[in-house]
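Where a number appears in this text, it was derived from the coordinates with a stated rule and is not lab data. On a predicted model such as this, the values are computed, not experimentally measured, just so you know. Note: ideal-geometry Cβ built from the backbone for every residue, glycine included; neighbour counts use all protein chains shown.
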Amino acid sequence: MKLLITGAAGFIGSNFVYYELDKHPEDEIVALDLLTYAGNLKNLKGCEGNEHFRFVRMDIRDRENIYKLFEEEQFDIVVNFAAESHVDRSIEDPELFLRTNIIGTSVLMDASLKYGVKRYHQVSTDEVYGDLPLERKDLFFTEETPIHTSSPYSASKASADLLVMAYHRTFGLNMTISRCSNNYGPYQFPEKLIPLMINNARHDRSLPVYGEGLNVRDWLHVYDHCSGIDLIMRGGRNGEVYNIGGHNEKANIEVVKTILKELGKPESLITYVTDRKGHDLRYAIDPRKIEMELGWKPVYDFNTGIKETIEWYMDHQEWMDEVTSGDYLHYYEQMYGNR
Ligand code: NAD
Ligand code: TYD
């Protein structure tokens, strides 16, 4: 099988490349990424030299070059991780989110139809369902929960999902969609809650908690997200949506306090700051469909996963320093500049 993995130098995409090379060493992978501020080619350093792996720097909105690539490579499966992914940035600049997340998706689907891709998989998010009330612990997102978005980010992801389903119905695109809850694990860009807090705590800087820190997220280790996508894209039913989540709901303040405790830092570093506009209260996934249809099960519980993740960032301080200083942006030129 030949796979195209877009957004492959980002957090989840890079973890997914490693997952696929490990689980399906016979497959060939083309890893595509534009290398925006969120894309770090160093995340894929461990794949260098693997004959089943090739990196391509490309914009998913660049129709001409995307078509050329699809014509050359004749992919069996396309998995689209490429996106603008940070809610706070979408509040500052919505338009970029529309261009990348919606238009980019349509280009990849047009190419998939034109060049006979067997399965197009769209990596979506539980944020398309909006939020749940804090006091209703009995409510969960199922695949039937209506789309009801809060931020420009989630609205752009929901628009992409609707377009993927429209391509299925109108053009017969063979597709699946996965909607996962918040991920944590190695290689996450330190603008997101967990790596940001680890990095600030490491430097004894204040930890900015939005509002009162009571918003709840349903955390899943990135490895378990990858195993879910792998099952769906290979064995999921054509035209279906699958939720992925492991019932690990935590209030933000709990997560932040866990990080401080693990690092032996004082809670006095916590600073409550102005809340995010439109801040979703609670996310919680009902994963029964993927469990029952595809036999998916997460391997990580939050306590083990968060400890391992904190250790990973402490063992990879050079990675963190390069990302926060911006040095990682030069790596592509070093590696590919003269080729
Ligand atoms: P990320 O921001 O770390 O990675 C996104 C990657 O896409 C980056 O490497 C970036 O360079 C690349 N990219 C951006 N625009 C591009 C373009 N025009 N062409 C090619 N590449 C481009 O994000 P992530 O956290 O790894 O998320 C990956 C996907 O998973 C996204 O679609 C996101 O919506 C979804 N998702 C994320 C989470 C989470 O908790 N992080 C949860 C559920 C779903
Ligand atoms: P984030 O990692 O941005 O993911 P998302 O908004 O997609 O869920 O944020 C996770 C939660 O943490 C969210 O409720 C916002 C909150 N948060 C803070 O309190 N402080 C921060 O500095 C950041 C980045 C997030």
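What is the fewest-to-most order of C180, C226, C47 by other Cβ atoms lying within 10 Å of their Cβ?
Ranking C180, C226, C47 by Cβ neighbours within 10 Å, fewest first, gives C47, C226, C180.
Would you be so kind as to identify which of L281, S14, Y167 lies farthest towards the positive end of the dipole of the chain, taking Lys and Arg as +1 and Asp and Glu as -1 on Cβ and the Cα centre as origin?
Y167
Taking the beta-carbon count within 10 Å as an exposure proxy, list T271, T142 from fewest neighbours to most. Walk me through the numbers on the way to the answer.
Details: T271 11, T142 14.
Ranked by crowding around the Cβ, least crowded first: T271, T142.
Comparing G49, G228, G246, which has the greatest mean-square fluctuation in the GNM of the chain with Cα pairs linked when under 10 Å apart?
Of the options given, G49 has the highest mean-square fluctuation.
Over all directions, how big on average is the projection of the convex hull of the alpha-carbon atoms in the range 2-327, in square nanometres?
Average projection, Cα convex hull of the range 2-327: 15.7 nm².
List the trypsin sites (Lys or Arg not before Pro) within the range 168-277 that fall in a DSSP loop (any state other than H, G, I, E or B) and whose Cβ has at most 15 other Cβ atoms within 10 Å.
The qualifying sites are R205, R237, R276, K277.
Taking loop as defined by DSSP and a crowding limit of 10 other beta carbons within 10 Å, which GluC sites (Glu not before Pro) in the range 70-172 fit?
Counting only loop positions with at most 10 other Cβ atoms within 10 Å, the GluC sites (Glu not before Pro) in the range 70-172 are E135, E144.
Extension gain K23-I91, at 0.36 nm per residue separation less the Cα-Cα distance, in nm?
That pair, K23 and I91, stretches by 20.7 nm at full extension.
Of T145, G236, G264, which is farthest along the charge dipole of the range 2-327 in the positive direction, counting Lys and Arg as +1 and Asp and Glu as -1 at C-beta?
Checking the options against the dipole of the range 2-327, the answer is T145.
What ³J(HN,Hα) values, in whole Hz, does the Karplus curve 6.51 cos²θ - 1.76 cosθ + 1.60 give for the range 44-50 when θ = phi - 60°, with x put for Gly and Pro?
Residue by residue, the range 44-50 yields 9, 4, x, 9, 4, x, 6 Hz.
Let me have the 222 nm mean residue ellipticity of the chain computed from DSSP H runs of 4+ only, each contributing -39500 (n - 2.57), with the sum over all residues rounded to the nearest 500.
-12000 deg cm²/dmol
Under a 10 Å cutoff between Cα atoms, tell me which one of F11, F70, F81 has the largest fluctuation in the Gaussian network model of the chain.
F70
Taking only Cα atoms and a 10 Å spring cutoff, compute GNM fluctuations for the chain and point out the largest among N303, N252, N183.
N303
Take the alpha carbon atoms of the range 106-136, find their center, do the same for the range 139-181, and report the distance between the two centers in whole angstrom.
Cα centroid to Cα centroid, the span is 5 Å.
Counting DSSP beta bridges in the chain, what percent are antiparallel, to the nearest 5?
Around 10 percent of the beta bridges assigned by DSSP in the chain are antiparallel ones.
How many nm is it between the label spots at Y67 and E191, if each spot is 7 Å from the Cα in line with the beta carbon?
Once both label points are built, they end up 3.2 nm from each other.
Given a cut-off of 20 Å, name the pairs among K250/K307; K2/K68; K2/K118; K137/K250; K42/K257 whose C-alpha atoms lie farther apart than that in the structure shown. Display every interim value, and only then the final one.
Working: K250/K307 15 Å; K2/K68 16 Å; K2/K118 10 Å; K137/K250 12 Å; K42/K257 30 Å.
Going by Cα-Cα distance, K42/K257 fall outside the 20 Å limit.
Between K45 and E135, what FRET efficiency follows from the Cβ-Cβ distance if R0 is 30 Å, with the result rounded to 0.05?
Values: r = 46 Å, r/R0 = 1.53.
After rounding to 0.05, the efficiency reads 0.05.
Quick check: residue separation of T170 and D315 times 0.36 nm, minus the Cα distance between them. What number comes out in nm?
Roughly 47.3 nm would be gained on extension.
Roughly how many whole Å is it from the C-alpha centroid of the range 262-339 to that of the range 194-233?
Here the answer is 5 Å between Cα centres.
Given H placed on each backbone N at 1.01 Å, which residues far from Y272 in sequence or on other chains put an amide H within less than 5 Å of it?
When sequence neighbours closer than 5 places are left aside, the close amide H contacts are V209.
For the range 2-327, what's the relative contact order in percent, using C-alpha pairs closer than 8 Å and at least 6 residues apart?
Relative contact order, the range 2-327: 18 percent.
Under a Cβ-only charge scheme (Lys and Arg +1, Asp and Glu -1), can you give me the dipole magnitude of the chain about the Cα centre, in debye to the nearest 20?
380 debye
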